[in-house]
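Accompanying notes for the structure given below.
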Ligand SMILES: [Zn+2]
């Protein structure tokens, strides 16, 4: 995006200034609560805010938005590692979840396992 090379600390200052600006307007960005994030024991920077993020699904190549709200839930409620990011679209995630039958804490058991009907 920016063609000029600017020092990293200036980029961060600009990002924070931009964050204040957009956050005041309530535009697709949520300030992160660092105390709720999973422990970050590496050099990587913490996430200061969440912003709608476009990504390409690894499985079907569809473009989808990982919203700020979904990120907040993932990092602060589900306590996902901040090094993880969205890689699959909702459809593919659900398909995989169905195949593997994972236990997802936030998702109640689906009604996919009705008692076998006995024939009379
Ligand atoms: Zn997909």
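The values are calculated or read from the model by the stated rules, or taken from the named source; none is laboratory data. All figures in this text were calculated on a predicted structure; none of them were measured in a lab. With ideal geometry, Cβ positions are generated from the backbone for all residues, glycine too; neighbour counts draw on all protein chains shown.
Here are the numbers for this structure:
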{"item": "Qualifying residue in the range 84-94 (condition: under 26 Å from residue 8 (Cα atoms), at pLDDT below 90 and more than 16 Å from the ligand (Cβ to nearest atom))", "result": "yes"}
{"item": "Residue 20 surrounded by 10 or more Cβ atoms within 10 Å (Cβ to Cβ) and at pLDDT 80 or above", "result": "no"}
{"item": "Matching residues in the range 37-57 - criterion: being touching a helix residue (DSSP H, G or I) at 6+ places or on another chain (Cβ under 8 Å) and part of a loop (DSSP other than H, G, I, E, B)", "result": "37, 38, 46, 47, 48, 52, 57"}
{"item": "Test: residue 64 is closer than 28 Å to residue 4 by Cα, within 16 Å of the ligand (Cβ to nearest atom) and modelled with pLDDT of 90 or more", "result": "no"}
{"item": "The range 67-83, residues that are part of a helix (DSSP H, G or I) and either farther than 20 Å from residue 94 by Cα or away from the ligand (no atom under 16 Å from the Cβ) (or both)", "result": "68, 69, 71, 72, 73, 74, 75, 76, 77"}
{"item": "Residue within the range 75-82 that is at pLDDT 90 or above and in contact with a strand residue (DSSP E or B) (Cβ under 7 Å, 6 or more places away or on another chain) present", "result": "no"}
